[in-house]
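**Student:** Before anything else, here's the structure in question.
The values are calculated or read from the model by the stated rules, or taken from the named source; none is laboratory data. Since the structure is predicted, the reported quantities are computational estimates derived from the model, not experimental observations. Glycine gets a Cβ as well: all are built from the backbone with ideal geometry, and neighbour counts include every protein chain shown.
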Amino acid sequence: MSKFFTTGTDSESESSSEDEQLPRAPVATFTYSDDEEDTKRVVRSTKEKRYEDITNCIKAIKNHKKIKDVPNVLESFESLQKAYTKSLNVIMKNEDGKIPTFYIRCLAELDDFVNENWDDRKNMAKNSSKALTTLRQRVRKYNKDFETEIAKFRENPDQEDEEEEEEKPDEGFDSEDEDADEKDKAVSFKKTVEIVESDVKKVVDDESGSESSDWGEGSSSEDSETTDDGGTKDLRQKFIKKATVDKDDDDDDKATKKDQRKERIEKERKKKKEEPMKDDGQGEWHVVEKGVSVQSEKPKMFAKDADINTSSVLKKLNEIIAARGKKRTDRREQIELLHELLSITESHTLGPAIIIKIKLQMVSSIFDYNPKVSDAMKPEYWKKLLERINEILNILIENPDMEIAESVSEDAEEFETTPYKIHGCILTIAERLDEEFTKLLKECDPHSNDYVERLKDENIVASIIDKVQQYLEKHGSPSQLCRMYLRTIGHLYYKFDPNVLEQKQGKIDKTVVTSAQVMDKLCKYIYANDLTDRIRTRAILSHIYHHALHDNWFQARDLVLMSHLQETIQHSDPSTQILYNRTIANLGLCAFRHGNIKDAHNCLVDLMMTGKVKELLAQGLLPQRQHERSKEQEKIEKQRQMPFHMHHNLELLECVYLVSAMLIEIPYMAAHEFDARRRMISKTFYQQLRSSERQSLVGPPESMREHVVAASKAMRNGNWVACNAFIINEKMNTKVWDLFYQADKVRDMLTRLIKEEALRTYLFTYSHVYDSISMPTLADMFQLERSVVHSTISKMIINEELMASLDDPSETVVMHRSDPSRLQSLALQLTDKVNNFVDSNERIFEMKQGNFFSRGGNQGNFRDRQNFNRQGQDWNRQRRDQRNRNNDRNNDRNNDRNNDRNEDRN
């Protein structure tokens, strides 16, 4: 016999030989006593050890999941797999092969955890992201062996818990010898709302096993038979199964006990459902929802017999507001509490002032619901926000003696007698609402129906702004009214109103109020009363944009020139600079519609030269420049983007710019064909033209750029018909020209300009071939009126672009050739050489000046400076000689070309 079983008494030493031959129970509790003290020792079986390993792993996984510690979740999951493999033949499966529910629950929740955090892996740390990828692979691979069990668990996880609870033996109900106090303790211990799977009771297993439990647990009844003097009986009695009278009777008793236990469990469950918040003397019980933080101290509403008046409501309101911003405050619960307080206030008719006070706090709580300021509001809270603000404004309009202002202190508020005074700012609420509306539009997919549905709310937002504007016109200051007018302008300036054009044409009576009249009124008020440059600048830009949108070209141009914004716009904030870019782009389109090609080109050239039109107009970010900006810069730039319905058509802008450049550049290139110092008016157009000339095989044009390049080549040869066909065709109409208002007028204007510029190009190119040319012939060739041909040629002669004269009786153009003489050619060469000499002399002077007046250090001695100057002179002499050789070569080439022309003429 082992010394462990020795109790020190004679009776036990005599039966030691019998005890050594008995098998050991899985769990055995031995109590022995000496004369001085009692001690208890517990021996755990292998099953208990394996069970504890698994439960510890599951607890660790849960704790790591709460703080999103993915690497430790992965490590705990690996430990759980090992523990399950070790305990597979010990406790994890019973005779029916059933796997415990808490283990399946752990695998299912782990899979959910991976799926929830998978999309957010880019924002994680590098090691966490890598661990999440590994965890996802291993969980998916491991869960394939438990697909059936996980599917059953997901269908009804609560039912699984109930069945498991019913099948568990309960010591508090099995033992008939327990006292009433122990039964009460068991019942109170079971009184919890959430069932923690990892907290399963350890049950003693007998020799033969028990068929009543999923875990192979034995009967839980233990008879701690003790003697009168506190000692234990023979230890052999503890390990011998008690004799039964009849096996059938024993089975009947077990079935009866099981049925009774089920009935008692069912009664307790019903009690918990009926009275979930009952106080049992140890505090209140709260149902904890998943993912929602519990408020530490939930404010209680009024008692049944409480006297509800204005002061008590304000006191309760301050209690609710005091919890805002605290760490464990549930924002959703705060909104619900305010709704409940509002219903109580309305039922007791405490006046409109206290109702507005509560609704103002509700609006603030809805604004603060999102933890991130950059995120858009949820749609359900957006609808609540619109309803609350509309209700506040309606009450304000119905009660003109009510004042809401920031200047009213909280101590000076008046809720019971008129005039009512409330601390707050309705202007700030309207501005914040407008910003949230913009965020909602940016959050939606612009090509989906959701964007269209959200855009319908603009009418509600605009009506709210109008109501706030109506209130501020009576109670607000001029500066507040200017801010509100600017919000109204922001929803109006980019919208096209056909009534404006029809009113200019006399089709509509002038008494009809149009958007142009509203814009003129609001902007002039801001010009006169605003003291800040930003609001005035944005008002001017919006006014110019609206004029240009409705073809008021001269008003828009004059407003740009008088404001001098192009000189100071670089000092403005980014949003104002974006508005400036949008305004100038729209002004260029207006100039193009009016046929002012040079003005249209000047407006669009600064935008198109950069190659970043999309970013300058805040219509998206270029992926090519992604490496140039950090994540924070990218986030800031995304917040500045314009909503989709306010975008410009970038292809339309580029087409207008290229066509304008074509109409300017092609005649200029023809006029300065042999000029070595020809300047480029439009660099982007030159790049498109040069890239097309480098191609060995040029097919028919497909894109918009290819159409413009093909039209430019046709215009260079004076073929206006082909040029017009490339610019105006079915494909170009669909992509570009049909987007204009009154597109037929734009196409007619464009055809007329193509004819005129093609005529100028033809005269520049082939003037040296003709001695004289008939103007009626030119008119028939280009299908222009004779007066137009006459005015075009006259302008060219006046501007000294064409060396010719007009003979009105014969309607001919007489060409004058002024070939330079020998003396004139030498004078031109001398002029070039003198210019080269002056340039080299200036460079030498700059080099000397930089050497003598350099900062710090030794200036060098005279000999060093002399050597340096000599080297500079040698370098300049070489440059001068090279220039002279180039000039001589060019002169020889020009002389040969002139001689060839004279021979051809003879």
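**Student:** Give L697, L750 a once-over and let me know the one that is touching a Gly at 6+ places or on another chain (Cβ under 9 Å) and among the aliphatic types (A, V, I, L, M). Even if it seems obvious, please write down each step before you answer.
**Tutor:** Values: L697 fails: touching a Gly at 6+ places or on another chain (Cβ under 9 Å).
One residue alone meets the criteria, L750.
**Student:** Follow-up question, since we're still on this one. If the requirement is being of a type in the set (D, E, K, R) and surrounded by fewer than 14 Cβ atoms within 10 Å (Cβ to Cβ), which of these qualifies: D401, D450?
**Tutor:** On the way: D450 fails: surrounded by fewer than 14 Cβ atoms within 10 Å (Cβ to Cβ).
Within the list D401, D450, the selection yields D401.
**Student:** Here is a follow-up. Residues that are hydroxyl-bearing (S, T, Y), outside the structural domain of V452 (by TED's automatic domain parsing), modelled with pLDDT of 90 or more and outside any loop (DSSP other than H, G, I, E, B): does the stretch 696-713 have at least one? It would help to see each step written out before you state the result.
**Tutor:** Filtering the stretch 696-713 for residues hydroxyl-bearing (S, T, Y) gives 696, 703, 712.
Applying the additional criterion that residues be outside the structural domain of V452 (by TED's automatic domain parsing) yields 696, 703, 712.
Still in the list and also modelled with pLDDT of 90 or more: 712.
Checking the rest, the ones that are also outside any loop (DSSP other than H, G, I, E, B) come to 712.
Yes: the stretch 696-713 contains one or more residues that are hydroxyl-bearing (S, T, Y), outside the structural domain of V452 (by TED's automatic domain parsing), modelled with pLDDT of 90 or more and outside any loop (DSSP other than H, G, I, E, B).
**Student:** Within the stretch 458-566, considering only helices (runs of 4 or more DSSP H) that don't extend past its boundaries, which have at least 3 residues that are among the small types (G, A, S)?
**Tutor:** Details: elements: 458-475, 478-490, 498-504, 515-529, 533-549, 553-563.
Answer list for the stretch 458-566: 515-529, 533-549.
**Student:** When you scan the stretch 119-134, do you find a residue that is modelled with pLDDT of 50 or more, farther than 19 Å from L74 by Cα and among the basic types (K, R), even just one? Full working, then the answer.
**Tutor:** Within the stretch 119-134, the first condition is being modelled with pLDDT of 50 or more, and the residues that meet it are 119-134.
Filter again for farther than 19 Å from L74 by Cα, leaving none.
Checked the stretch 119-134: no residue is modelled with pLDDT of 50 or more, farther than 19 Å from L74 by Cα and among the basic types (K, R).
**Student:** Given the residues I354, I308, which is the only one that is surrounded by 11 or more Cβ atoms within 10 Å (Cβ to Cβ), of a type in the set (V, I, T), at pLDDT 85 or above and touching a Phe, Trp or Tyr at 6+ places or on another chain (Cβ under 8 Å)? I'd like the intermediate steps shown before the answer.
**Tutor:** Working: I308 fails: at pLDDT 85 or above.
After ruling out the rest, the residue left standing is I354.
**Student:** Find the residue count for the stretch 474-486, including only residues that are at pLDDT 90 or above and either charged (D, E, K, R) or within 15 Å of P400 (Cβ to Cβ) (or both).
**Tutor:** 1
**Student:** At least 2 residues that are modelled with pLDDT of 70 or more in each: list the helices (runs of 4 or more DSSP H) lying fully within the stretch 8-99 that qualify. Reasoning before the result, please.
**Tutor:** Numbers: elements: 10-14, 16-20, 46-66, 70-86.
Correct list: 46-66, 70-86.
**Student:** I'm trying to understand the selection: among the residues of the stretch 377-393, which are free of Cβ contacts under 8 Å to residues at least 60 places away in the same chain and within 16 Å of P352 (Cα to Cα)?
**Tutor:** The answer is R388, E391, I392.
**Student:** Still on this structure: Based on what the data block shows, is V408 in contact with a strand residue (DSSP E or B) (Cβ under 8 Å, 6 or more places away or on another chain) and surrounded by fewer than 19 Cβ atoms within 10 Å (Cβ to Cβ)? Spell out how you get there, then give the answer.
**Tutor:** Details: in contact with a strand residue (DSSP E or B) (Cβ under 8 Å, 6 or more places away or on another chain): yes; surrounded by fewer than 19 Cβ atoms within 10 Å (Cβ to Cβ): yes.
So V408 fits the description; yes.
**Student:** Among the candidates M642, M680, M609, which residue alone is out of contact with any Gly (no Cβ under 6 Å at 6 or more places or on another chain), part of a loop (DSSP other than H, G, I, E, B), under 15 Å from A585 (Cβ atoms) and not small (G, A, S)? Working first, answer last.
**Tutor:** Values: M680 fails: under 15 Å from A585 (Cβ atoms); M609 fails: part of a loop (DSSP other than H, G, I, E, B).
The conditions single out M642.
**Student:** N724: in a helix (DSSP H, G or I), of a type outside the set (A, V, I, L, M, F, W, C) and surrounded by 15 or more Cβ atoms within 10 Å (Cβ to Cβ), yes or no?
**Tutor:** Numbers: in a helix (DSSP H, G or I): yes; of a type outside the set (A, V, I, L, M, F, W, C): yes; surrounded by 15 or more Cβ atoms within 10 Å (Cβ to Cβ): yes.
Yes, satisfied.
**Student:** So, in the stretch 413-435, how many residues would count as being part of a helix (DSSP H, G or I) and in contact with a strand residue (DSSP E or B) (Cβ under 6 Å, 6 or more places away or on another chain)? I'd like the intermediate steps shown before the answer.
**Tutor:** Going through the stretch 413-435, the residues part of a helix (DSSP H, G or I) turn out to be 426-435.
Those left that are additionally in contact with a strand residue (DSSP E or B) (Cβ under 6 Å, 6 or more places away or on another chain): 426.
So the count comes out to 1.
**Student:** A further question follows. Can you list residue pairs whose Cβ atoms sit under 7 Å apart, with the first residue in the stretch 613-624 being farther than 16 Å from T684 by Cβ and the second being of a type in the set (D, E) and surrounded by fewer than 17 Cβ atoms within 10 Å (Cβ to Cβ)? Count only pairs 6 or more apart in sequence or on different chains.
**Tutor:** L621/E634; L621/E637
**Student:** When both residues are 6+ apart or on different chains and their Cβ atoms are under 9 Å apart, which pairs have a first residue that lies in the stretch 524-551 and is within 14 Å of S572 (Cα to Cα) and in contact (Cβ under 8 Å) with a residue 24 or more places away in the chain, and a second that is part of a loop (DSSP other than H, G, I, E, B) and among the acidic types (D, E)?
**Tutor:** That search, which allows pairs on different chains as well, returns R534/D573; A539/D530.
**Student:** Let me ask something else. Tell me yes or no: at least one residue of the stretch 508-515 is loosely packed, with under 13 Cβ neighbours inside 10 Å and of a type in the set (D, E).
**Tutor:** Here is the first cut: in the stretch 508-515, the ones loosely packed, with under 13 Cβ neighbours inside 10 Å are 509-513.
In the following step, the residues that additionally are of a type in the set (D, E) were identified as 509.
Scanning the stretch 508-515 turns up at least one residue that is loosely packed, with under 13 Cβ neighbours inside 10 Å and of a type in the set (D, E).
**Student:** Let me ask something else about it. Looking at the stretch 730-804, what helices (runs of 4 or more DSSP H) fall wholly within it and have at least 3 residues that are surrounded by 15 or more Cβ atoms within 10 Å (Cβ to Cβ)?
**Tutor:** Details: elements: 730-735, 743-766, 775-782, 786-798.
Qualifying helices (runs of 4 or more DSSP H): 743-766, 775-782, 786-798.
**Student:** Ok, one more. Assuming I465 fulfils every condition listed in (1) without any contact (Cβ under 8 Å) to a residue 60 or more places away in the chain; (2) farther than 28 Å from I358 by Cα; (3) touching a helix residue (DSSP H, G or I) at 6+ places or on another chain (Cβ under 9 Å); (4) not polar (S, T, N, Q) apart from one, which condition is it?
**Tutor:** (2)
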